[in-house]
1. Applying the selection to region 246-267, what residues are over 22 Å from the mean Cα position of the chain (by Cα) and open to solvent by 50 Å² or more (accessible area, probe 1.4 Å)?
2. With respect to L85, determine if the residue is out of contact with any Gly (no Cβ under 8 Å at 6 or more places or on another chain) and open to solvent by less than 80 Å² (accessible area, probe 1.4 Å).
3. Going through R345, R358, R337 one at a time, which residue ends up being modelled with pLDDT under 65 and either aromatic (F, W, Y) or crowded, with 19+ Cβ neighbours inside 10 Å (or both)?
4. For region 89-104, how many residues meet the condition of being open to solvent by less than 10 Å² (accessible area, probe 1.4 Å) and in contact (Cβ under 8 Å) with a residue 40 or more places away in the chain?
5. Name every residue in region 393-430 that is crowded, with 22+ Cβ neighbours inside 10 Å and either within 16 Å of ligand 1 (Cβ to nearest atom) or part of a loop (DSSP other than H, G, I, E, B) (or both), in order of residue number.
6. Quick one: which of Q220, Q214 is at pLDDT below 90 and either surrounded by fewer than 19 Cβ atoms within 10 Å (Cβ to Cβ) or within 21 Å of the chain's Cα centre (by Cα) (or both)?
7. Residues of region 537-563 being at pLDDT 95 or above, open to solvent by less than 40 Å² (accessible area, probe 1.4 Å) and in a helix (DSSP H, G or I), which ones?
8. Restricting attention to region 381-392, report how many residues are open to solvent by 60 Å² or more (accessible area, probe 1.4 Å) and either in contact (Cβ under 8 Å) with a residue 24 or more places away in the chain or within 16 Å of ligand 2 (Cβ to nearest atom) (or both).
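The values are calculated or read from the model by the stated rules, or taken from the named source; none is laboratory data. Quantities reported herein were computed from a predicted structural model and do not represent experimental measurements. Heads up, the Cβs are rebuilt from the backbone with ideal geometry, glycines too, and the neighbour counts pull from every protein chain shown. SASA here: full protein model, heavy atoms, side chains in, ligands and nucleic acids out. Shrake-Rupley method; radii C 1.70, N 1.55, O 1.52, S 1.80 Å.
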Amino acid sequence: MSRLRGRGVSPGIAVGRAVVAVRDARQVRYRLASSGVDRERQRLRAARERTRVELEEISSRISRTAGPAQAAIFAAQILMLDDPLLAKRADELVRTERINADWALERAVGEVEAVFAREGDTWLRERAGDLADVVGRLQRNLRPGPDKLSDPVHELEPPLILVADEVPPSVAAQIDWTRVHGLVSDIGSPTHHSVILVRSLGVPAVVGLGAGTQVISPGQTVAIDGTTGEVVVEPNEEELERWRKRAEIAAAGLRALDELRSEVARTADGVRIHLEANLEIADEVGRVLDAGAEGIGLYRSEFLLDVAHPAASSEDAQIATYRGLLEAMAPRPVTVRTFDAGEERLAWVPRGGGHRERFGVRGIRAALQADDRFETQIRALLRSADAGHLRILLPFVTTVEELRQARDLIDDVARELGQESKVPIGAMIEVPAAALTVDQLAAHADFLSVGTNDLIQYTLAVDRTDERLAGHYQPAAAAVLRLLRTVAAAGRRARCELAVCGEMAADPLLVTLLIGLGFRRFSMTPAAIPVLKRSLATLETRVARDVARRALQARSVDEVHEILTPVADAMHRAAVRPNDEN
Ligand code: PEP
Ligand code: MG
C-alpha cells in the first residue's frame, strides 16, 4: 500500500482499478520525394477533416451532457483547426520544404508557440493546452488506428480510475465516464479545461500528483478523494473498509443536501460551527451557494493571474470579478485572499534559478518586495467593497512587521481613493513562525485564518507537491496538532476571530480533532460542507476534546486513526441509518 497526495479538484470518493495512460511523444519525421508531396497534402487534409468531424461530435455530445459552456471549449478548438497559422501553414511546409505532415504540424505549432512565448501572455498560455490538444488529435488522425485509451476502458471491468500524465480536454470528452469513476493526473490545475469538464460531470479528480503514472501500475486498485487530494494505491482490507465508509458518509451528505442547505452546522450538543467555502474560480460561486456555505472563507485570487484572459487581472477586470462575487454572496462575507504567489506560479515570482532559490518567495512577502500588482489589487478590492461584505486576507504572513506594512499600504490606497478603509484585514497563519506568534499578530489583524496545507509542509519539512514525500505529509502528526493547539489557545486568549481554511477542514475526522483543539470556524471546498454538517451533528464536543487530548500524546499517526475509529463509526452509522440519529 502506498499513499500519494495531489490536489483535489473535483470532489467525491472513488475506488477502482487503474488504467494508466501516458501520451506517446514519439514523432515521425522524414523528407518526401517530390512525387510524394501531393499524397502527403491529401493525408493532412483527410486528418483535418477527420479531426473536425470528431470535434463536432464531441462538442454536440458535451453540449448535451455537460452544457453549452463546456462545449464551447471544443467550438474554439474547431476554430483553431481552421487557423491559417496551423493546418494551412503545415500544408505550405509540406509543399515548400517537402517534409512529412507530422513534422510540418510540429513545425507550425512550434512557430505559434514561439509567438505565445514572446507575447508572454497568460491568456495565450492557457490556450496553448487546447492548441496542443488539437495538434495531438491531428497527428493521431494522420495515422488512424486503435485508440490506446478507449480500448482498455472498454475491455476492463469497471469501476476504473484513469491515471494519466495529462488529459487533454478532447480526450476527457471522449472517455466513457460511466466506466471510469475517477481521474488522477500528474499535472493539471482546477482551471484546466479537462478538470472543469469532469467536475461538471460529477467525476472525482485529483491532479498534480507528479509521478503518479510512474508509481501506479495498470490494474492496481486505487482509492481517490477528490476533496482532500488523497490517493491510496493498493489499499489493504482495513484501509479499503475505511474508504468505503468514507464514501458512504460523503454520499449521505450529498443526498441530504437540500434539507441541509439552509441549516447551520451544530454539534450533537448544540455548539455552533461556522462553515464557509473555499473558491478558486469566481464563475463557480453558484456551487458555494448551492452547498449552503455561510460565506466565502477563502477566495484564492491568484487564479485570476493564470486564467482566461490577459486583461483578467487588470484593475477594472478585478473589480468586475470582486463585485460579482460580493453581490452573489451578499449579505454573507467574501474573504478575498490577495495574490499568493506559490513557488510554482512563476509569472509572479521574480526570476531566478531552481526551486531552492525561490523557496519562501511568495505571498505577502513577494507582494511587498517586488510587485505593483498588490497595490492594483488593493485598489480594485477597495473600489468593490460597497458591493457586499468584503474581507481581505493576507497570505504567507511571517512577521508582525509584514502585516503592519501591508496594512499601511492598504490605508494609503484607501486615502488616495478618498475612503476611510473599514474593510477587515486578516492574516493567514500558515508559516510556523506565524503560528508561534499568533498573540502578536492578533493585535494587528481583524481576523486570522489557519492555512494547514502550508503549515503542515513547513512544520514537517515536506514539500506538499513532492509525491516522494507524500507518505510524510501527515495532518494528524502530533507536531502539527501541538502547533494547532498553540494557535487555537492564543487566538482564544487574544479574542481574535480564528478559522481554519486548509484541506484539513474538509475531512470530518480531522475536523473532529480541530474542534477538540478549540476551533469553531472552517472554510473548505463547497462539496464538503453538507458532509460536514451531517457528520458534526453526531459529534459531542466532549468526545472531540477527549480524542484531541489523546491524539496530542499519540506516538504515531496510526495511533491517531485508532483513537478516531469510534468517531468514524458513529458518523458512518448515522450516514447509513439516518433515522437512528439521536
Ligand atoms: C493553506 O496553505 O492551507 C491554504 C489554504 O492556502 P493554499 O492551499 O492556497 O496554499
Ligand atoms: Mg497556503
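1. Listed by number, the residues that qualify are E248, R255, D258, E259, R261, S262, E263, V264, R266.
2. On the way: out of contact with any Gly (no Cβ under 8 Å at 6 or more places or on another chain): yes; open to solvent by less than 80 Å² (accessible area, probe 1.4 Å): no.
So L85 does not fit the description; no.
3. Values: R345 fails: either aromatic (F, W, Y) or crowded, with 19+ Cβ neighbours inside 10 Å (or both); R337 fails: modelled with pLDDT under 65.
Of R345, R358, R337, the one residue that is modelled with pLDDT under 65 and either aromatic (F, W, Y) or crowded, with 19+ Cβ neighbours inside 10 Å (or both) is R358.
4. Step one: list which residues in region 89-104 are open to solvent by less than 10 Å² (accessible area, probe 1.4 Å), which gives 90, 93-94, 99-102, 104.
Next, from what is left, pick out any that are in contact (Cβ under 8 Å) with a residue 40 or more places away in the chain: 90, 94, 99-102, 104.
Result for region 89-104: 7.
5. Hits for region 393-430 are L393, L394, P395, F396, V397, G426, A427, M428, I429, E430.
6. Working: Q220 fails: at pLDDT below 90.
Step by step, each of Q220, Q214 is checked, and only Q214 is at pLDDT below 90 and either surrounded by fewer than 19 Cβ atoms within 10 Å (Cβ to Cβ) or within 21 Å of the chain's Cα centre (by Cα) (or both).
7. Result: T541, A544, V547, A548, A551, L552, V560, I563.
8. First, the residues of region 381-392 that are open to solvent by 60 Å² or more (accessible area, probe 1.4 Å): 383, 386, 389.
Keeping just the survivors that are either in contact (Cβ under 8 Å) with a residue 24 or more places away in the chain or within 16 Å of ligand 2 (Cβ to nearest atom) (or both) gives 383, 389.
Residues flagged as open to solvent by 60 Å² or more (accessible area, probe 1.4 Å) and either in contact (Cβ under 8 Å) with a residue 24 or more places away in the chain or within 16 Å of ligand 2 (Cβ to nearest atom) (or both) within region 381-392 amount to 2.
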